[in-house]
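Worksheet: one structure, shown below.
The values are calculated or read from the model by the stated rules, or taken from the named source; none is laboratory data. All of these numbers come straight from a predicted model, not from anything done at the bench. Every residue, glycine among them, receives a Cβ derived from its backbone with ideal geometry; neighbour counts consider all protein chains shown.
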Amino acid sequence: MSIFEGIWIPLVTPFRQGKLDLYSAQQLALRLSAAGVHGLVVCGTTGEAATLNEHEQDRILCGVMEAVQTRCPVVMGVSGSDTRLVAEKIARLNALRPAGFLVSAPSYVRPSQEGIRLHFEAVATAAESPVILYNIPARTGVNIDVATVAALEQHANIVAIKESSGNLMQTMELISRTDLTLLCGDDAMLFNTFCLGGHGAISAAAHIRPDLFVHLFELVRAGQIGPARTLFKQLLPMIQLLFSEPNPGPVKAALAMQGEIQDELRLPMTRMTATGKVKLAKALEKLMSIPVAGNTAKPESAIRGKSRLLGLVR
């Protein structure tokens, strides 16, 4: 199995009074790695990378890598609309030795497919670690077409794609036409993507009960589709709530309810609404009551989480 398969989490960036809360980021990374996730991504969309300066991005990458050591690999998210500047940034980040780079298509400028191909080829050539393509047209304004992905697959340093188009037909075509590791980027499509042959996910929702997301992946891999479907139905209400308002507001709200981080974001991102938090607290209490796979006892974290939530749901 490639190191880029399985359940990866695009780590939120905790803040405290407007400043980067590196300690909380490290503690969260340790908890997630202990829960069995296969890898972490820092400075992704969920990590509010657009609001972090270069120094803060370096600090969180180094801090998370220091915390998890060899427990799981850490990938660095990189984005930008100027190919030259993105390549230069990656060349600088090479010295920090992340396990890979998650690179989105250029946003706002809406390049042609040829421009997208040349952009990624330049970036991949500059990188000393493997590159994961990130297709998220809702944010960038451009789709990375399957033919373009197939062409980029020829570059030895491009090894995977995070597919967040929301188009299941495109996902199916990518799986059938390329040999890249395919990671689901739409949490509501996790079950379908795994069943189609997807190799894993980069899942923001997996911040909450990561053990269950890992178990979902393992069930599908083992051909236990019935139990996997049942588990996914249990996860889906929380997934839907976590994306009912702009990400990562709800994810940070859920983590704050569990005492993991402060419920703080940087503008223009805002905290989850009070109405949303009431619904989230109820769904979180229910999710935390699901036993760990193969264990009828509730996890210790679920018991602690429930005690914090009771006052919010009455």
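I'd like the full set of residues that are hydroxyl-bearing (Ser, Thr, Tyr) and either exposed (fewer than 14 other Cβ atoms within 10 Å of the Cβ) or on the phi > 0 side of the Ramachandran plot (or both), limited to the range 217-275.
Of everything in the range 217-275, those that are hydroxyl-bearing (Ser, Thr, Tyr) and either exposed (fewer than 14 other Cβ atoms within 10 Å of the Cβ) or on the phi > 0 side of the Ramachandran plot (or both) turn out to be Thr230, Thr270, Thr275.
Taking into account only those residues within the range 66-84 that are touching a Pro at 6+ places or on another chain (Cβ under 9 Å) and buried (at least 21 other Cβ atoms within 10 Å of the Cβ), which is farthest from Ala201 (Cα to Cα)?
Going through the qualifying residues, I end up with Ser79.
When the range 194-216 is examined, which residues are found to be surrounded by fewer than 24 Cβ atoms within 10 Å (Cβ to Cβ), of a type outside the set (A, V, I, L, M, F, W, C) and part of a helix (DSSP H, G or I)?
If the condition is that a residue be surrounded by fewer than 24 Cβ atoms within 10 Å (Cβ to Cβ), of a type outside the set (A, V, I, L, M, F, W, C) and part of a helix (DSSP H, G or I), then Pro210, Asp211, His215 are the ones that fit.
When Ser307 is evaluated against the numbered criteria (1) at pLDDT below 95; (2) among the hydroxyl-bearing types (Ser, Thr, Tyr); (3) within 30 Å of Phe101 (Cα to Cα), which criterion, by number, is the only one it fails?
(3)
How many residues does the range 39-60 hold that are closer than 25 Å to Ile7 by Cβ, over 15 Å from the mean Cα position of the chain (by Cα) and either crowded, with 17+ Cβ neighbours inside 10 Å or touching a residue at least 60 places away in the same chain (Cβ under 8 Å) (or both)?
Matching residues across the range 39-60 total 3.
Is it the case, given these coordinates, that Thr13 is farther than 22 Å from Pro130 by Cβ, hydroxyl-bearing (Ser, Thr, Tyr) and either at pLDDT below 95 or within 17 Å of the chain's Cα centre (by Cα) (or both)?
The answer is yes for Thr13.
Starting from residues that are in contact with a helix residue (DSSP H, G or I) (Cβ under 9 Å, 6 or more places away or on another chain) and free of Cβ contacts under 8 Å to residues at least 24 places away in the same chain, keep the ones in the range 108-119 and report whichever is surrounded by the most Cβ atoms within 10 Å (Cβ to Cβ).
Within the range 108-119, the match that is surrounded by the most Cβ atoms within 10 Å (Cβ to Cβ) is Gly115.
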